[in-house]
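To start, the structure itself, in structure tokens.
The values are calculated or read from the model by the stated rules, or taken from the named source; none is laboratory data. Because the structure is predicted, anything quoted here is derived from the model rather than measured. Backbone-built Cβ (ideal geometry, glycine too); neighbour counts: all protein chains shown. The accessibility values were calculated without ligands, DNA or RNA, using every heavy atom of the protein model including side chains. Shrake-Rupley method; radii C 1.70, N 1.55, O 1.52, S 1.80 Å.
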Amino acid sequence: MRPVRLGLQGFTSYRRPTEVDFSDLDLFAITGPTGAGKSSLVDAITYALFGQVPRMGGRNVKDLISQGQDRLQVSFEFTSNGDRYRIFRSTARKGAPQIQLEQFSISEEDWVAVGDRSDDATKQIERVLGMDYDGFTRSVLLPQGQFHQFVAGKPEERRKVLDEILRLDVYQKMQERANQTARLQEGEAERIAALLQSQFADAMPQNLKETKRRLLDLKKRSVEVGRLKADLAGACALAETVARATQRQREAAAAVEAAEKSLAQAVALLASGEEAVRGLEERLKQTEEALAANAYDADLFQRLSHGLGAAQELERAEKRLADLERDSKAKEAALKEAGQQAGGTRKQAEAAASAFEQAQAALEELRRQHAADQLRQGLRPGDACPVCGQAVATLPEIEHPPLQEAERALAQTRAAGDAARRASQEAEKALALAGQAVETGRSRLSQAQDDSSRHRQALLDALAGREASLEDIRAALQLQRDARTQRESLEGEREATRSKREAQSAALAEAKANAARYGAEREATARDLEAAEKEAQGGRVSLRAAADTGGWSDVVAALEHGQDAGALLRQRLQTVERENDAVQQGLGATEKEISRLESAIEKAKDLREQERESRGEGKLAREVANLLRANAFPGFVREKALRILAEDGSRHLHELSGGRYDFSVDEQEFLITDHWNGDEERSVKTLSGGETFLASLALAVALAERLPALAPGGGSRSLESLFVDEGFSNLDTETMDVVASALEVLGASGNRMVGVITHVPALAERMPARITVVKSESGSLIEKD
């Protein structure tokens, strides 16, 4: 597996969308301060592939969601053995996770879905990578700290690390599984043996042979019973034929009698019907003569009806005209009287107005006199006049005019004038109303005269110009009504007589047809009677022959005494049918028993084979468990793994150390062969810090490459990338140079991507490329150089 592109959002410290391009990287460093999110990039790759990360420690994946975010999502594109894949995985705080695995199709030049469910996608990933989650975390993520302990530690520590890395505990689980399998298979064999004894005890060939013999006997009896059933069914059918023929014989005899009776009735109806038709014809003739003598004239009746209406309207119009003429004369007299009264009140009002003017003038004169007397009082001869200002020579005598009497006289004349004026206005109003009444009366009188003339003309028109009184018209109209009533009665009687004649004629025709039909029916039923007698006699002969053949003595006796043999035959048939049903049920049950025995014999055969296989598998599993119980097998695996690691580690160490060092193993102890000192072998504990790191790195790479083959259930996929996480912070400058040179050699081939995760700037600067993780308030950011 070689990473190509990683995208993540909402994952730990990466809150915002972040993308890392690995396509042009071989050897590089992922660097940044502690807690910036360097290792989270590798965790995101592991989560995308397997839905979990090694640093979770059993916690929920939802704990990886960034603070303040609702979900995390990671997309990861990678290559494996030359094929390109892309996986998208998302986990929300609420709801189910989402996953989509795609492979790039060269033929379609597009991405094609491979799996969209968690289980399917994970299985596809394990198939593509050639390893499961545990193998991936041990191979791609190098356990640097463990391998330093593995190289220079004590043998028991080395054994513990190797057991953990190689998962040798699986052999203990294999032993437990083998014992469990042995118990299960042995128990299964015992269960099958008990099942054979309890449920398949009768599954033997001799039982099958005996059951087949019974089946043959039942089939023979089935044929015999079927033949007897057919004979009885035929006899029952003959009995039914005889019974039906006898019934038809009785019905035909009754029909002949009924036809003769109906024929006699039809003949009697013919005679009476013809007499009734002649009577109705005579009555219809009399009605026609009475109608011809009837005096009703529809046209005259209509003209008299219109004339009556016109005469009644004329009478009302003339009465109204006389009333209006009297009313008009009265209104003319009232108008004349109102005119006279209006003239008198008008003169009275004029006289009252003149008296008021005279009284008013007299009062004014008295008031002037009174004002002069007022000015005179207090003056003496020689004083200035209050009016003209000249000196007064002489003073006139004070007369004291009657001012109050003049004011009362004025008030009286005013009241009299008002009363005269109101009386004049009322008289004028009455005169106007009287004039309007006269005009209205004249208009109504003229209209009434026109109405009288119109109704008189209508009367003349209705009576064709003849004069007639209202009483004469009424008398003539009543004569026409009586004649019309008589005509309607005669017409109704005529229609009723016609209907009776038609009905009687139809009944007469029906009686003739019935007479012919009843005669034909009498002949036909007579023929049916003869045929039914022949059929019944022939059926009795055939039934007697069948009874003699079958030996049915009771049926023969019934036929000899003229009794119905059908009930006896049906009873015999029911008995045979019950026997046939029992035989058929026995046949079905026996065939099922044969089928059951055949199946049980085959099943018992299979069960015996399963019992043999279960005992064999149980024995084999018990032997495997006994082999795995000994400590020699895990020890063999450890020794084999150490030798393989020493061989592959020597190849890497030889390259990393510039050809100076190789590994060897002596009784589970790692030794160093120093080619620069005459191929001297010495303990790895004699190496310097930098040399120990090179040795640890060489063994770690060897294990990462060989782990799929060394671990139980491993495969053979090549390792295309690995990540070295931490382990560099305590190295001095010289050792750091050695480590950097070793890493450069490790990634120099270009066939493997090597990523170094470190917060040591000096080591990061030595790498050809760097992915720098930067902390920020909005989340971690990526810088690539």
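A few remarks follow.
- Between D299 and V541, residue separation times 0.36 nm minus the direct Cα-Cα distance comes to 78.1 nm.
- Think of a 1.4 Å ball rolled over the protein heavy atoms: the range 220-368 then has 63 Å² of accessible area per residue.
- Cα-projected label distance for R651 with E260, points at 7 Å along beta-carbon direction, nm: 13.1 nm
- Expressed to the nearest 5 percent, the antiparallel share of DSSP beta bridges inside the chain is 75 percent.
- Taking a Cβ cut-off of under 10 Å around V684, the surrounding Lys, Arg, Asp and Glu residues balance to a net charge of 0, with basic ones at +1 and acidic ones at -1.
- Dividing the helix sum by the residues of the chain, where each DSSP H run of 4 or more adds -39500 (n - 2.57), gives a mean residue ellipticity at 222 nm of -24500 deg cm²/dmol.
- Projected label distance in nm at A769 and T686, using a 7 Å step from Cα toward the beta-carbon: 4.2 nm
- Length released on extending from D21 to V745, taking residue separation times 0.36 nm less the Cα-Cα span: 258.3 nm
- Using a Förster distance of 51 Å, the FRET efficiency for A391-A333 (Cβ separation, nearest 0.05): 0.10
- Distance between the range 61-137 and the range 661-690 - C-alpha centres, whole angstrom: 44 Å
- Solvent-accessible area of K512 with every protein chain in place, 1.4 Å probe, in Å² to the nearest 10: 110 Å²
- Principal-axis tilt of helix 403-462 within the chain, Cα atoms, nearest 10 degrees: 80 degrees
- Where V170, V438, V223 fall by accessible area, highest first, once all protein chains stay in place (1.4 Å): V223, V170, V438
- Per-residue packing, averaged as other Cβ atoms within 10 Å, sorts the ranges 81-88, 267-274 into the order 81-88, 267-274, beginning with the highest.
- Efficiency of FRET between D163 and L620 - r from beta-carbon atoms, R0 25 angstrom, step 0.05: 0.40
- Share of carbon and sulfur in the accessible heavy-atom surface of the chain [1.4 Å probe, %]: 50 percent
- Proximal lysines to K775, defined as alpha-carbon separation beneath 18 angstrom and excluding residues fewer than eight positions away on the same chain: K38, K784
- Simple label model, 7 Å out from Cα along Cβ direction - S505 to Q358, nm: 11.7 nm
- At an R0 of 35 angstrom, the distance between the Cβ atoms of R466 and K319 translates into a FRET efficiency of 0.90.
- Cα shape, the range 610-661, gyration tensor, a/c 1.5 rule: prolate
- Nearby aspartates and glutamates by direct alpha-carbon distance to K319 (threshold 20 angstrom, same-chain neighbours under 8 apart not counted): D327, D450, D451, E467, E471, D472
- Inter-part distance where the range 568-631 and the range 465-494 are each reduced to a Cα centre, Å: 114 Å
- On a per residue basis, the range 458-498 carries 62 Å² of accessible surface, using protein heavy atoms and a 1.4 Å probe.
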